[in-house]
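Presented below is the structure to which this report refers.
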Amino acid sequence: MSGDSALERLKREGRIVVVGASLAGLRAAETMREKGFAGSLTMIGDEPYEPYDRPPLSKQVLLGKATADRTALPRRRDIDAKWRLGVPATGLDMTARRVKLADGDEVEYDRLLIATGVRARPWPNEEEAALEGVFTLRTRDDGAALERRLAAGPRRVLVIGAGFTGSEIASACRERDLPVTVAERGAGPLVGALGGVIGEVAAGMHRDNGVDLRTGVMVTGLEGDSSGQVRAAHLSDGSLVEADVVIVSLGAQRNTDWLAGSGLGAGPRGIACDAGCRAFNIWGIVTDDVFVAGDVARSPHALFGYQFLSLEHWGNAVAQAETAAHNMLSEGVDRRPHVWIPAFWSSQFGVNIKSVGVPSMGNEILITQGSRDERRFVGVYGYQGRVIGAVTFDQCRWLDFYEQQIEHTAPFPLPFTTVDRRSEGNKPLDADFPDPSVPTHGPTITLSGYSPADRQMTFTPAHN
Amino acid sequence: MTEGILRQILDYSSRANPYPLYEELRKTPVFHDGDGPYVVSTYHEIKSLLHDPRISSDSRNLATVGDLLGEGDGEEATALPPSFLKLDPPDHDRLRRMTNRPFGPPHSPHRVHDMRGELGGIVTGLIDTISEQGDPGRIDLVEEFSYPFPVTVICRLLGVPSEDESRFHVWADTLAASLDPDPDADPAERVKKTQDARMELGMYLAGLIEERRKNPTGDMLSELATGQGPDGAMSTMEVLSTSALLLIAGHETTVNLITNGMLTLLRHPEVLDRLRTDPALSVPIVEELLRYEPPVQLVPQRTPLADIEMGGVTIPKGASLWLILASGNRDPQRFKDPDRFDPDRPDVQHLGLGSGIHSCFGAPLARLEAALALSELARRLENPRLLEDPPPYRQNAVLRGPRHLPIACDSILPA
Ligand SMILES: Cc1cc2nc3c(=O)[nH]c(=O)nc-3n(C[C@H](O)[C@H](O)[C@H](O)COP(=O)(O)OP(=O)(O)OC[C@H]3O[C@@H](n4cnc5c(N)ncnc54)[C@H](O)[C@@H]3O)c2cc1C
């Protein structure tokens with residue numbers, strides 16, 4: 001009864017193109033092959049390298065324990081792809097189903113997966129950003145260059161922005177015994193992602209490890225010497241920090257510029273898609289042949305009020321890529337939703353930090369186990385009477401349990417007792433998130449649905 | 001149908017094959033009968049309880065004491081404080097952390113790996129002894145191999161001088177026997193023997209600890225006695241209870257893992273054959289063994305700190321809770337064809353070493369010991385066969401394994 005359906009043809013001899021040859025792109029490609037896709041597969045990536053892993057860049061690589069060129073992602077299987085590396089995609093023609101490349105080539109597809117991720121937000125002043133010694137950290141080249149500089153023993157490092165990446169960099173500097181100053185606009189490190197209560201714990205970690213942490217200040221300008229080498233930074237409180245390495249760690253920007261004018265629902269917040277990873281066009285109509293996955297995607301999540309979530313999480317990139325790949329090769333009822341519970345880890349100052357759910361959506365926090373003073377605890381986030389997220393500092397073995405509480409929309413505060421409950425766990429605290437309309441260094445989870453903060457969005461339809 | 005099923009499980013007659021009873025039990029994932037314990041037998045439920053912060057391992061949180069298992073290991077009867085096995089965080093975390101510093105990553109990533117050569121030497125020595133002094137026509141694998149091996153290893157790890165090893169074996173023996181309630185023995189005499197052994201062992205260890213404080217030699221005891229980490233130092237009593245824990249937990253389980261392993265391999269000669277030529281197969285074999293015949297069959301010392309709703313049953317606060325790991329390992333909801341021993345199984349996320357914060361502390365060592373032991377036995381014993389199937393089992397339903405494993409082989413190949 002099953003004739004030669006379009007789907008079978010696609011699987012046998014179709015053309016699939018993946019733009020963004022990194023974590024999400026690779027895992028999607030592997031999944032497609034695993035599911036029996038036998039057609040042609042093209043992997044387009046603007047970086048000259050085969051897919052590599054980014055989390056070590058701000059950890060082992062900066063410590064000199066791994067080299068940036070040895071972080072290639074392990075392959076699950078052979079994907080037998082045509083690799084177009086070192087060539088950015090510059091445009092998309094959805095009508096002709098073609099991806100345009102910077103070298104003038106065009107690649108036709110039957111199904112397209114966009115996994116172009118994000119890039120580091122650069123220092124806004126281009127001239128200052130170009131000074132010798134000013135870095136961002138996103139790519140393998142960034143990691144290698146920064147490690148070389150740190151190994152050379154700079155007099156002082158300045159990290160601008162104390163999100164996860166900035167904090168990990170500061171931690172690596174201290175482990176290398178380098179003097180480091182961290183300047184953070186918010187009240188403490190990690191406040192965008194985890195709120196002020198946890199930010200205070202993180203601030204203690206910085207200070208106890210000898211970081212010169214300045215909070216509530218902005219860097220207003222960078223200054224170079226006559227040879228173009230960065231020399232100092234001016235802060236909004238009038239102070240000056242002399243540093244010969246400056247790392248700009250101000251969060252990320254979605255790599256969607258190349259889609260301008262394509263008619264795809266892509267913008268500075270990412271590419272909007274449905275829960276099955278199918279991209280929306282600018283009218284909010286779902287496409288059937290363009291899929292997205294990873295950091296660049298922005299998709300609604302049933303558990304979080306169908307708000308659109310953008311996640312800069314390794315695990316999300318993998319899970320979403322697998323779902324996208326599955327759906328690209330499936331029809332209708334066989335498609336699966338991507339309902340991954342956000343999960344993130346970081347390691348800094350010898351502490352293993354993990355979170356699940358969407359802490360930044362919570363307004364209250366309860367320390368259910370352990371204690372903040374010991375920097376070993378579980379914090380549970382509540383939002384309108386339910387559990388919405390959790391964070392652990394050196395207590396990750398309990399995380400599965402809290403993930404279940406989020407999945408079951410358990411009531412907040414949790415009505416039961418737990419082992420290692422201390423007096424500070426007797427009543428919830430205001431989680432102390434900054435006003436969402438004030439930009440932060442990037443919380444790694446961005447809510448971008450119908451939240452009130454959205455009123456600042458203006459709609460400018462693109463025209464060809 | 002489930003009438004008295006717990007009694008049946010504990011009854012010696014089901015020791016050789018408790019699995020049909022577990023299967024029966026799984027029909028009621030959270031089973032409770034009269035004033036007995038709440039018994040959880042299915043994989044996902046056990047797993048979730050092992051990660052549930054409402055579950056305590058501290059028997060002081062039990063509403064009632066006295067259970068089907070009788071006296072326990074007699075730890076309470078002596079002045080030693082409970083080991084971290086029976087504590088909740090934060091004490092559990094602190095002691096386990098301090099114990100881990102000299103044992104595993106991140107501070108001692110090489111300890112276990114560096115023992116590989118030494119372990120290999122002990123295995124070779126034991127098999128040589130069987131070959132020189134034993135009778136290949138009748139070997140009791142437990143007495144001659146799977147028992148002495150882990151005890152010797154623990155002695156080396158802790159740093160017990162080799163001239164004291166034999167005394168150590170005797171105490172370990174007595175304490176192991178105390179975990180193995182034998183209905184025929186005179187209980188009063190047994191308790192006394194156990195306490196004497198504990199006392200003597202405690203005094204011996206205390207002396208050794210004192211000595212290592214003065215002259216540390218880099219072994220685990222020295223490190224536990226003198227270690228200074230962010231948590232400070234262990235008290236002498238803590239070093240004592242921890243080293244006693246390492247001693248008992250460190251070999252009781254491994255004996256059974258190796259013995260159950262050899263028994264299973266002899267029942268699956270095709271796998272034994274593959275292992276003979278491919279020692280690397282020992283790694284997945286051990287993993288599958290931990291699923292198929294786990295040395296720790298059940299965890300009987302847990303209790304909820306709050307009422308917990310599971311499988312339509314409310315497990316009340318303070319109730320005695322048993323988690324039947326060996327049953328979860330054969331739950332068809334989790335493992336395809338669970339009663340099949342299959343070292344090629346792709347996804348062996350078993351419960352054999354527990355899970356969560358109390359997951360087996362010595363797992364890396366146990367895995368290595370078992371892998372080395374089984375691959376060497378496979379390589380050197382020619383045409384091995386079981387002389388008795390099933391072999392005689394030990395009384396204990398918790399730490400389940402053969403008391404003797406009589407086997408024969410044609411000859412023993414040189415090392
Ligand atoms: C330093 C660092 C540390 C991190 N640490 C953690 C951590 O501890 N835990 C955690 O959960 N996550 C961490 N992350 C985040 C994690 O690495 C990302 O979530 C993950 O890499 C996302 O994968 P992706 O494939 O979606 O995007 P990316 O890895 O960003 O890959 C996108 C790729 O597409 C390429 N590309 C962009 N535009 C184009 C174009 N037009 N044409 C062709 N190619 C294009 C990019 O150059 C890039 O190679 C870290 C990230 C960084 C940078």
Item to check | Entirely in segment A:147-240, the strands (runs of 3 or more DSSP E) that have 3 or more residues that are within 16 Å of the ligand (Cβ to nearest atom) | outcome: A:157-160
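Scanning segment B:26-59 for residues that are part of a loop (DSSP other than H, G, I, E, B) and among the β-branched types (Val, Ile, Thr), which turns out farthest from the other protein chains (Cβ to nearest Cβ)?
Among them, the one singled out is B:Thr28.
So, in segment A:410-436, how many residues would count as being among the acidic types (Asp, Glu) and free of Cβ contacts under 8 Å to residues at least 60 places away in the same chain?
Residues of segment A:410-436 that are among the acidic types (Asp, Glu), as a first pass: A:420, A:424, A:430, A:432, A:435.
Right, trim to free of Cβ contacts under 8 Å to residues at least 60 places away in the same chain and you get A:420, A:424, A:435.
Summing the residues that are among the acidic types (Asp, Glu) and free of Cβ contacts under 8 Å to residues at least 60 places away in the same chain in segment A:410-436 gives 3.
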Checklist entry - Within segment A:122-136, is there a residue that is away from the ligand (no atom under 11 Å from the Cβ), away from chain B (no Cβ under 14 Å), acidic (Asp, Glu) and touching a residue at least 60 places away in the same chain (Cβ under 8 Å)? => result yes
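In segment A:346-389, what residues are part of a loop (DSSP other than H, G, I, E, B) and within 14 Å of chain B (Cβ to nearest Cβ)? Before you say what the answer is, go through the steps one by one.
Our first condition is that a residue be part of a loop (DSSP other than H, G, I, E, B); within segment A:346-389, this holds for A:349-350, A:358, A:362-363, A:372-375, A:384-385.
Listed by number, the residues that qualify are A:Phe349, A:Gly350, A:Arg372, A:Asp373, A:Glu374, A:Arg375.
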Item to check | Test: residue in segment A:2-16 that is of a type in the set (Gly, Ala, Ser), touching a helix residue (DSSP H, G or I) at 6+ places or on another chain (Cβ under 7 Å), more than 10 Å from the ligand (Cβ to nearest atom) and away from chain B (no Cβ under 14 Å) | outcome: no
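Among the listed residues A:Arg111, A:Arg76, which satisfies the condition of being more than 14 Å from the ligand (Cβ to nearest atom), within 14 Å of another protein chain (Cβ to nearest Cβ), touching a residue at least 12 places away in the same chain (Cβ under 8 Å) and not aromatic (Phe, Trp, Tyr)? Walk me through how you get there before you give the answer.
On the way: A:Arg111 fails: within 14 Å of another protein chain (Cβ to nearest Cβ).
It is A:Arg76.
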Checklist entry - Limited to segment A:15-40, what total is found for residues that are closer than 23 Å to A:Glu106 by Cβ and either of a type in the set (Val, Ile, Thr) or surrounded by fewer than 21 Cβ atoms within 10 Å (Cβ to Cβ) (or both)? => result 7
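Conditions tested, residue by residue: (1) under 22 Å from B:Leu119 (Cα atoms); (2) touching a Pro at 6+ places or on another chain (Cβ under 8 Å); (3) assigned to a loop (DSSP other than H, G, I, E, B).
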residue	(1), (2), (3)
B:Thr217	yes, no, yes
B:Ser243	yes, no, no
B:Asn256	yes, yes, no
B:Asn260	yes, yes, no
B:Thr264	no, no, no
B:Leu272	yes, yes, no
Next on the checklist: Let me confirm something: among B:Thr259, B:Thr264, B:Thr226, which residue is modelled with pLDDT of 90 or more and more than 30 Å from B:Asp344 (Cβ to Cβ)?
Outcome noted: B:Thr226
Checklist entry - Failed condition for A:Pro74, given (1) part of a loop (DSSP other than H, G, I, E, B); (2) touching a Lys or Arg at 6+ places or on another chain (Cβ under 6 Å), with all others met? => result (2)
Checklist entry - Any idea how many residues of segment A:398-428 are surrounded by fewer than 19 Cβ atoms within 10 Å (Cβ to Cβ), in a helix (DSSP H, G or I) and touching a helix residue (DSSP H, G or I) at 6+ places or on another chain (Cβ under 8 Å)? => result 3
Checklist outcome for this item: Those residues of segment A:85-108 that are within 14 Å of the ligand (Cβ to nearest atom) and touching a residue at least 60 places away in the same chain (Cβ under 8 Å) come to a total of 8
Item to check | Answer residue from segment A:27-52, given it is touching a strand residue (DSSP E or B) at 6+ places or on another chain (Cβ under 8 Å) and assigned to a helix (DSSP H, G or I) and is farthest from A:Ala293 (Cα to Cα) among those | outcome: A:Arg33
Checklist entry - When you look at A:Phe304, is it more than 13 Å from the ligand (Cβ to nearest atom) and touching a strand residue (DSSP E or B) at 6+ places or on another chain (Cβ under 6 Å), yes or no? => result no
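The values are calculated or read from the model by the stated rules, or taken from the named source; none is laboratory data. Values in this document were obtained by computation on a predicted structure and should not be read as measured data. Glycine gets a Cβ as well: all are built from the backbone with ideal geometry, and neighbour counts include every protein chain shown.
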